[in-house]
Amino acid sequence: MFEISLAPTLGRVISIDCPLLQVAERARWGDAMLVLAARRLASMILIMFVISVLLFVFFEGDKLNLAMRVLGQYSTMEGRLQWLEDNGYNRPLLVRYFSWLLGFLSGDWKESAQFSTPVFKFLLPRLANTAILGGIVFVITVAI
């Protein structure tokens with residue numbers, strides 16, 4: 001039932017019970033919820049992008065430290081520099097990030113430099129729990 005106030009100063013209200021108006025009102029509410037869900041999804045994607053850039057810079061920004069972690073603290077500087085050249089770490093950081101991002105999105109996760117195992121095999125047990133947690137967070141944020 002919809003109420004229309006014709007004269008707010010007089011306090012008169014006319015009530016209209018029309019199923020077509022109810023359907024139209026529900027459709028507008030449904031569209032608003034879709035827009036809200038799309039906005040929340042877009043903000044989640046933007047947040048994930050920003051976090052991936054920050055983590056990439058944090059872990060890959062110091063190339064020499066990465067080479068030392070892989071080769072060991074007693075490795076020579078020449079050995080570290082050669083390892084960086086052999087593994088493509090001398091390319092600009094932005095080029096390396098987008099190369100990593102495209103590889104990640106296409107499923108080519110390569111091999112962990114530190115653990116010498118395929119990254120997908122290393123992360124596979126943890127991805128299911130992460131997906132469940134992400135789904136729960138998405139449902140909660142859309143509901144709020």
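The values are calculated or read from the model by the stated rules, or taken from the named source; none is laboratory data. Because the structure is predicted, anything quoted here is derived from the model rather than measured. Here the Cβ is made from the backbone with ideal geometry for all residues, glycine too, and neighbour counts use every protein chain on show. What goes into the accessible areas is simple: the full protein's heavy atoms, side chains included, and nothing from ligands, DNA or RNA. Shrake-Rupley method; radii C 1.70, N 1.55, O 1.52, S 1.80 Å.
Observations on the model:
- Formal net charge of residues neighbouring LYS63 (Cβ-Cβ distance under 12 Å; K, R +1; D, E -1): +1
- Theoretical gain in end-to-end length, LEU71 to ILE47 [0.36 nm per residue, Cα-Cα removed]: 5.3 nm
- Heavy atoms of LEU66: accessible area, 1.4 Å probe, square angstrom to 10: 20
- Between ARG39 and ASP108, the simple spin-label model (points 7 angstrom out along Cα→Cβ) gives 3.9 nm.
- Other residues lying with their Cβ under 10 Å from the Cβ of PHE120 contribute a combined charge of 0, Lys and Arg counting +1, Asp and Glu -1.
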